[in-house]
Amino acid sequence: MVHQWQCRECKFTVWSSKQSELVDAVKSHLLSHYKHTVESDEFSLRWDCPYCNQTSQSYDADEGLAKFKNHLFKHVSALIDSGVHVADRIDRVGNILILSPLETAGADNARVHFTSPADVAVFVTNNPAERVRFLDNALQSWPAWTTILTTKAQPFADVTDIDLEAAPLDIAILDKGERVIERVTYEAAGCGKCVQHNRNPARFGFGRRLLECRGYRDSTAV
């Protein structure tokens, strides 16, 4: 299940497969909006809630901020949506562009959102080691099948903490000089133009290939 929260003050949106992680992100974001309502000195911290008339004072700054974040969250907790997916907004047909720096918490939130409900995931990346760590750590379980396309030689040389032989994973090492990505289309992945692949990406090299069609209903490219 994927949880989502969207700020009503700005365009910030957070997704997570773990509600506890989403709650922490929401609390931190709310504090960034309402820091101006917090007053502190050497001895105490005081805050005024922007949603209601409650005020509070604490003689421990960390404890005071934690109470303020918890209080703010109570006002917006009902806005958390569960079991949602942004693909529903386009009837699960088409493309969605996510604008985010690649190696950030925001990008990982988007990857969780798109990958969690998928049967097949396709990653086009120059950082394949981090993507498999993401799949292993951030999701409750891997997709039924994952394909990674990369131009990086020996992409998993430093991955010793994951049993890649047991993972439902395939990798294609692409030639930087060829226009390969244009050939990996949804039509190619879903039709009979499939080619054989090796299921042990940690041990063998791979040439240019198309994603094998496995008959799964949902797929996503992230």
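A few remarks follow.
- Here the spin labels are modelled as points 7 Å beyond Cα on the Cα-Cβ line, and at Q140 and D175 they lie 4.4 nm apart.
- Pairs beyond 30 Å (Cα-Cα), from K18/K69; K11/K35; K11/K152: K11/K152
- Restricted to Cα atoms, segment 1-74 shows a radius of gyration and a Dmax of 13.4, 44 angstrom.
- Take the Cβ atoms of A107 and Q54, set R0 to 25 Å, and the FRET efficiency comes out at 0.10.
- Packing-based ranking of 91-99, 3-11, 51-59 yields 3-11, 51-59, 91-99, ordered from highest to lowest mean Cβ neighbour count within 10 Å.
- Size of segment 1-152: Rg and Dmax of its alpha carbons, in Å, are 18.9, 57.
- What the Cβ-Cβ distance of F12 and E165 gives, at R0 = 41 Å and to the nearest 0.05, is a FRET efficiency of 0.55.
- Using a probe of 1.4 angstrom and keeping all protein chains present, the accessible surface of segment 1-144 works out to 58 square angstrom per residue.
- Inter-label distance, nm, simple model (7 Å from Cα along the C-beta direction), S20/D81: 2.6 nm
- Highest to lowest packing among 154-164, 104-114, 132-142, scored as the average C-beta count within 10 Å: 104-114, 132-142, 154-164
The values are calculated or read from the model by the stated rules, or taken from the named source; none is laboratory data. This is a predicted model, so every value here is computed, not measured. We place every Cβ from the backbone using ideal geometry, glycine too, and count neighbours over all the protein chains shown. Side chains are part of the model used for accessible areas, which takes the heavy atoms of the whole protein and leaves out ligands, DNA and RNA. Shrake-Rupley method; radii C 1.70, N 1.55, O 1.52, S 1.80 Å.
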